[in-house]
Amino acid sequence: MRIDVFTLFPGWFDWFAQQRHVRNAVGLGHELHFVDLRATTPLGAGQVDDTPYGGGAGMVIRVDVVEAALAARYDEDSSSRRVVALAAGGRPLDDSLASELATEADLALVCGRYEGFDERVHEHLATDVVSIGPYVLSGGELAAMVLCDTVIRKLPGALGHEDSALEESFTPALEGAPEYPHYTRPAGWRGHSVPEVLLSGDHARIREWRLERSRDRAARRS
C-alpha cells in the first residue's frame, strides 16, 4: 500500500513515522510519504489560500493549489486512487471505512487548513471527504494521522501478530461493539478483584463473558 499525505506541514509527521507499527508496515514494503502543498503551488511566494467569496473571516485553500499538487505527484492523473479530503463535515471515520480504505493499493490524504478547502476540491478532486468527529481542528494533519493509524493497523504484520487487530473495538468479531474490559496482575487490588471467570481457564465461558461485556458497552453508548 502507498499512502501520500498532502499537507502544509510535512514536519508534523516525523513523530508519527517513527511509531513501531508504522515502521513495521514500511519494513514490509508499504509506503508512507508526506507531500508539501506549497512545493507545487502555481501562485507566487508559496501562496496556497485566498479570501472567501461572499466575505467572512479566515482564508480558504484554493482548488488550483490542490489540483497542481495532485497533478505533479501523479503525472496529471489521480483517477486511479482514492483521494480523501479531511474535513469536519465529511463522512464519519469508523472501523468499516478504515477496513475499506485498508484494501486500497494507493491512498492520498489531503489536509485542510484555515477555513478548509474551496468546495470544488470536495466536489471534483476528492473521491471521499472524511471527518474524524463532530468538532473542529486547526487543520487536517491530526485527522490524517488518525486515519493513517487506523488503516495501517489493519495491514497484515503491522502490529507484529496477525491476530492483534482481529478482536478490537467495533470489529465484526465483537459484533461491531466496543472492546470488553481487560485486567492484569495483581488479581486483587484495594478490595477490587478480577472477575472470577477470567481466572477460570474456561475459554468458552471467557469468550461469552467478553461478548456480553462488549454488548453492555454498546448498549450504554446508544
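Things to note:
- Per-residue packing, averaged as other Cβ atoms within 10 Å, sorts the ranges 44-56, 202-214, 123-135, 185-197 into the order 123-135, 202-214, 44-56, 185-197, beginning with the highest.
- Estimated from the Cβ-Cβ distance and a Förster radius of 25 angstrom, the FRET efficiency linking T184 and E208 is about 0.75.
- Counted residue by residue at 0.36 nm each, then reduced by the alpha carbon distance between them, the extension gain from R120 to D94 reaches 6.9 nm.
- All other residues whose Cβ lies under 14 angstrom from that of R2 are scored, Lys and Arg at +1 and Asp and Glu at -1, for a net of -1.
- Those residues of the stretch 57-88 whose amide nitrogen sits under 15 Å from the label point placed on D50, 7 Å along Cα→Cβ: 59-68
- In nm, spacing of pseudo-spin labels at L199 and L43 (7 Å Cα→C-beta vector): 6.5 nm
Computed from the coordinates by the stated procedures, all read-outs in this text should not be read as laboratory data. Fair warning: this is a prediction, and the values are worked out from it, not measured in the lab. Quick reminder, even Gly has a Cβ in these numbers, built from the backbone with ideal geometry, and neighbours come from all protein chains shown.
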